[in-house]
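Below is one structure, written out as structure tokens; comments come after it.
The values are calculated or read from the model by the stated rules, or taken from the named source; none is laboratory data. All values reported here derive from a predicted model rather than from experimental measurement. Here the Cβ positions follow ideal geometry from the backbone for every residue, glycine too, while neighbour counts run over all protein chains shown.
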Amino acid sequence: MTTAPRACIIGHPVKHSRSPLIHGFWLETLGLPGSYGREDVAPDAAEAFIRDLAGSGYVGGNVTMPHKEAAFRAVARRTARAEALGAVNTVWYRDGELWGDNTDIVGFLANLDEGAPGWDAKLKKAVVLGAGGASVAIVAGLIERGAERILVANRTVERAEELSARFGSAVQGRPWPPSPDDLAGADLLVNTTSRGMGGKDDLDLDLSPLPAHAVVTDAVYVPLRTGLLRDAAARGLRTVDGLGMLLHQAVPGFEHWFGRRPAVTPDLRRLIEADL
Ligand code: ATR
């Protein structure tokens with residue numbers, strides 16, 4: 001008798017994670033056997049827990065804060081994207097070995113592909129606000145799509161400069177806030193800072209130096225329309241909210257664990273929006 005595959009989200013805390021809702025929706029709509037639960041694992045136990053995930057009855061899972069580096073250490077094999085980031089958010093077994101990927105990169109890229117088709121056709125200059133975990137994945141994604149110049153503006157400028165050291169001279173650290181010259185001629189502006197989260201402390205940048213074709217996106221998705229996105233839309237710029245990044249990053253894991261590639265549909269979006 002084969003048992004239905006079980007996957008989970010591993011983090012600390014995990015009670016606010018929307019991953020169970022996303023994967024539960026796909027299991028139900030695709031009519032597949034399986035389940036997706038939550039595992040709140042303390043930091044000192046995370047690496048061992050992930051290393052022996054099968055021992056807890058799981059075929060794989062997602063890993064969230066603060067365990068993405070522990071997951072990177074715990075897996076036996078890693079994708080090139082996981083190697084580039086030093087962080088793993090999706091694990092699964094193949095031929096008995098535990099693999100790790102970082103799907104934040106494809107989540108970010110697929111969200112822009114869907115929300116602003118053609119955004120990367122002539123991508124030369126991008127400005128990224130913030131230099132934390134989300135920023136690293138986004139910078140890696142922009143390099144994959146051929147961005148020639150990526151300015152990373154961060155309150156702690158040393159963290160932005162670390163990204164430059166990590167990814168090479170196409171990435172340049174900038175002090176906070178970005179200057180009008182930094183924004184001038186940028187094809188893309190991305191917020192990865194927590195400014196605007198929960199509707200508080202919205203960014204108040206002067207967006208007038210951005211060209212008319214610029215796309216503005218925000219990794220913050222609570223609220224969906226941040227102050228930054230409202231300001232950009234008021235200037236007539238194309239905007240993409242951050243919810244799609246969360247939905248698209250979930251796709252590869254589901255396919256590994258449950259054997260079918262799920263779709264990010266308007267119904268799924270509505271379900272998660274109702275929960276925000
Ligand atoms: P994540 O994994 O979501 O990127 P993080 O690693 O904690 O989270 O990074 C949060 C980012 O938001 C950082 O770039 C942080 O700037 P510092 O590196 O200087 O801490 C940025 N940030 C947080 N609060 C901010 C504020 N009030 N103004 C500007 N940047 C802020």
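Residues being over 24 Å from R77 (Cα atoms), of a type in the set (A, V, I, L, M, F, W, C) and not in a loop (DSSP other than H, G, I, E, B): count how many of those fall in region 98-116.
Looking only at region 98-116, we keep the residues that are over 24 Å from R77 (Cα atoms), and these are 110-116.
Filter again for of a type in the set (A, V, I, L, M, F, W, C), leaving 110, 112, 116.
Now drop any that are not not in a loop (DSSP other than H, G, I, E, B), which leaves 110, 112.
Qualifying residue count for the region: 2.
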- Scanning region 48-75 for residues that are surrounded by fewer than 19 Cβ atoms within 10 Å (Cβ to Cβ) and part of a helix (DSSP H, G or I), which turns out farthest from the chain's Cα centre (by Cα)? G55
- Checked region 1-31 for anything of a type outside the set (S, T, N, Q), within 16 Å of V251 (Cβ to Cβ) and under 16 Å from the mean Cα position of the chain (by Cα); matches are I9, R18, I22
- Note on the structure: Residue pairs qualifying under the 6 Å Cβ cut-off, at least six apart or on distinct chains, with the first in region 124-143 being in the same structural domain as S164 (by TED's automatic domain parsing) and under 21 Å from T64 (Cα atoms) and the second being of a type in the set (D, E, K, R) and within 9 Å of the ligand (Cβ to nearest atom), are A131/R159
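I need the full set of residues from region 189-210 which are more than 15 Å from the ligand (Cβ to nearest atom) and closer than 16 Å to V128 by Cα, in order please. Full working, then the answer.
Keep residues of region 189-210 that are more than 15 Å from the ligand (Cβ to nearest atom), which gives 206-210.
D206, L207, P209, L210, listed by residue number.
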- Message: Which condition from (1) of a type in the set (A, V, I, L, M); (2) outside the structural domain of F258 (by TED's automatic domain parsing); (3) within 16 Å of the ligand (Cβ to nearest atom) is the one that L112 breaks?
- Response: (3)
- Message: Please verify whether E28 is within 30 Å of S164 (Cβ to Cβ) and either not in a helix (DSSP H, G or I) or not hydrophobic (A, V, I, L, M, F, W, C) (or both), treating the condition exactly as stated.
- Response: no
- Got a number for residues in region 133-168 being assigned to a helix (DSSP H, G or I), more than 9 Å from the ligand (Cβ to nearest atom), charged (D, E, K, R) and under 21 Å from D181 (Cα atoms)? 1
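Take D231 and decide whether it is part of a loop (DSSP other than H, G, I, E, B), without any contact (Cβ under 8 Å) to a residue 40 or more places away in the chain and more than 15 Å from K125 (Cβ to Cβ).
Details: part of a loop (DSSP other than H, G, I, E, B): no; without any contact (Cβ under 8 Å) to a residue 40 or more places away in the chain: yes; more than 15 Å from K125 (Cβ to Cβ): yes.
No: the conditions fail for D231.
To keep it simple, each residue is scored yes or no on (1) surrounded by fewer than 23 Cβ atoms within 10 Å (Cβ to Cβ); (2) more than 18 Å from the chain's Cα centre (by Cα).
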{"position": "L207", "(1), (2)": "yes, yes"}
{"position": "A232", "(1), (2)": "no, yes"}
{"position": "V251", "(1), (2)": "yes, no"}
{"position": "W257", "(1), (2)": "no, yes"}
{"position": "E273", "(1), (2)": "yes, no"}
- Filter region 47-70 for residues that are more than 14 Å from T90 (Cα to Cα) and among the small types (G, A, S); which is nearest to the ligand (Cβ to nearest atom)? A48
- Note on the structure: Of the listed residues (A186, A250, A219), the one being touching a residue at least 60 places away in the same chain (Cβ under 8 Å) and within 16 Å of the ligand (Cβ to nearest atom) is A219
- Note on the structure: Those residues of region 76-97 that are β-branched (V, I, T), surrounded by 24 or more Cβ atoms within 10 Å (Cβ to Cβ) and in a loop (DSSP other than H, G, I, E, B) come to a total of 1
- Task: Could you give me the residue pairs with C-beta distances under 6 Å whose first residue belongs to region 24-46 and is of a type in the set (A, V, I, L, M), whose second residue is crowded, with 19+ Cβ neighbours inside 10 Å wherever it lies, and which are 6+ apart or on separate chains?
- Result: L27/G34; L32/F258; V41/I10; V41/F49; A46/H67; A46/A70
